[in-house]
1. Residues that are of a type outside the set (Asp, Glu), under 25 Å from Val112 (Cβ atoms) and modelled with pLDDT under 90: does region 188-204 have at least one?
2. Which of the residues belonging to region 15-30 are of a type in the set (A, V, I, L, M) and either in contact (Cβ under 8 Å) with a residue 40 or more places away in the chain or in a loop (DSSP other than H, G, I, E, B) (or both)?
3. Working only within region 57-76, note down all residues that are assigned to a helix (DSSP H, G or I), farther than 15 Å from Gly95 by Cβ and among the aliphatic types (A, V, I, L, M).
4. Tell me which residues, restricted to region 204-220, are in a loop (DSSP other than H, G, I, E, B), in contact with a strand residue (DSSP E or B) (Cβ under 9 Å, 6 or more places away or on another chain) and closer than 18 Å to Ile143 by Cβ.
5. Pick from Lys59, Lys46: which is touching a Pro at 6+ places or on another chain (Cβ under 8 Å) and more than 30 Å from Thr246 (Cα to Cα)?
6. Select from region 31-51 the residues that are outside any helix (DSSP H, G or I) and of a type in the set (D, E, K, R) and list them in ascending order.
Amino acid sequence: MNFKKFSGEFIHYMEVVKNASPHTLRNYHLDLKAFKDFSKGKEINKRTIRSYLAHLQIKGASKRTILRHLSSLRSLFKYLLREKKIKENPAAEIGSPKLDKPIPKALSYGEVEELFKQPNTDELLGFRDRCIMELFYSSGLRISELALLDRGDFNPKGRSLRVKGKGKKERIVPITQNATKWMKEYLNHPTRFEEGKPHYQKDQEAIFLNKWGERLSPRSIDRLFKTYLRKSGLAGNITPHTIRHTIATHWLEKGMDLKTIQVLLGHASLGTTTIYTRVSTKLKREVYEKAHPRAKRARKSASKASA
């Protein structure tokens, strides 16, 4: 196989036909050149590709980097197979390295309160932002789900929301009495209905509006959180998704079962929800104390000694 020639044709195809970005093209070029240098003088087959991936691992490459190299090779061989330049794809049956899922960050209740103090609720936009925070912490919504909320999705009497989740799946999510109160006051805020004012409601369906009266975008919501994070003095990268992780962790600590949390968060798989059992130090301690055969005995002995 003339690997240099074929990889050149593939990169040209990605640039001209697929209109790939310069960044993507550069990565393809570097990844394929690295494989070409490694496989020089060798027959290119499954064994060679596996040896190359092992070589990257020995060199200290991360799983994400190894996965990118493998992805580049898969794309190349799929192209060559489709163009009938090779008879079989040598990368077809090679498994991908599994990426470690990072443990999500969760705030303490005190940190939540500190963050919620930041918006100036005397102004409409600050009132809106506090309402958004209350809703995130009440229901664990995704940022895209919150941005898509329409007035008809809010049921104040039933204290619930109709949420449009991933894959166009809808679910009904309960919200707290406190979040309901903030929502009602925001929706009925007089500034929303003063025609000619900057915040006049132009989008009649949307709940959360920007300063031009149009639907607030997920990107804008994310930007707002970064602003309030800087003002709060809290460490770390706190995003709307952090609040989702936080309420899920707090639900778990208060005794809510994983299946209910799965339904509320709109997770397709219970496996996704179980990650929150890795977050809570408090929960780990409680489980440890209940499960360890000597933990209770140690506490009883300590209490007798102190008496």
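1. As a first pass, look at region 188-204 and keep what is of a type outside the set (Asp, Glu): 188-193, 196-202, 204.
Still in the list and also under 25 Å from Val112 (Cβ atoms): 189.
So of that shortlist, the ones also modelled with pLDDT under 90 come out as 189.
Yes, region 188-204 contains at least one residue that is of a type outside the set (Asp, Glu), under 25 Å from Val112 (Cβ atoms) and modelled with pLDDT under 90.
2. Our first condition is that a residue be of a type in the set (A, V, I, L, M); within region 15-30, this holds for 16-17, 20, 25, 30.
Across region 15-30, the qualifying residues are Val17, Ala20.
3. Hits for region 57-76 are Ile58, Leu76.
4. Ile207, Phe208, Glu214, Leu216
5. Lys46
6. Restricting attention to region 31-51, the residues satisfying the condition of being outside any helix (DSSP H, G or I) are 39-45.
Hits for region 31-51 are Lys40, Lys42, Glu43.
The values are calculated or read from the model by the stated rules, or taken from the named source; none is laboratory data. For clarity, every value in this text was computed on a predicted model and none was experimentally measured. All Cβ positions, glycine included, derive from the backbone under ideal geometry; neighbour counts span all protein chains shown.
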